[in-house]
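**Student:** Got a structure for you, questions after.
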Amino acid sequence: MKKIIFILFVCIVSISAHAQLANTIWKDTLKLDNPTEVFFNFGKDTLTVTTVADSALVETMTYTVKDNVFIIQKVSGQSDCETSTLGKYKFEITGNEMLVTLVSDDCTDRSSVLDNTKFIRSR
């Protein structure tokens, strides 16, 4: 019985962590070639990064969430990241802010931009 309750608890926590990001939009200025204000739009399982100025698509990725860590994988976009390279980032949401810190990512184009980034919730 304890095992069933524990498994149920883990499932609820996992769903809750994913629900924190799903269907939300976060904004920040990233240090790309030039500082660029972007939106991170977390859909159900897809993350799109677009510029605030003209809604230009910067990157499309898939993502999953487990234990306040999101794992992203490039589908298409401007970075030099390989589509097979996974990036793992811990996130902490406090109020309308989300702090993202690097766990592991072999793509330096992505990790150098995202590590220790603080996003503001836009929606």
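**Student:** Tell me, what HN-Hα J-couplings in whole Hz come from the Karplus equation 6.51 cos²θ - 1.76 cosθ + 1.60 at θ = phi - 60° for each residue of segment 97-109, using x for Gly and Pro?
**Tutor:** 10, 10, 9, 10, 10, 5, 9, 6, 5, 7, 8, 5, 4
**Student:** Sticking with this one: What number, in percent, do you get for the relative contact order of segment 2-121 if the mean sequence gap of Cα pairs under 8 Å and at least 6 apart is divided by its residue count?
**Tutor:** 18
**Student:** Which of rounded, prolate or oblate describes segment 2-121 when judged by the alpha-carbon gyration tensor and an a/c cut-off of 1.5?
**Tutor:** prolate
**Student:** Taking H placed 1.01 Å from N in the peptide plane, check which residues at least 5 places from residue 117 or on another chain put their amide H under 5 Å from its amide H.
**Tutor:** For residue 117, whose amide H was placed from the backbone, the distant partners under 5 Å are 100.
**Student:** Give the long-range amide H neighbours of residue 52: residues separated by 5 or more places, or on another chain, with amide H under 5 Å away, using H modelled in the peptide plane at 1.01 Å from N.
**Tutor:** 37, 38, 39
Each reported figure results from applying straightforward, stated rules to the coordinates on display, with no laboratory input. Note that the coordinates shown come from a computational prediction; the quantities given were computed from them, not determined experimentally.
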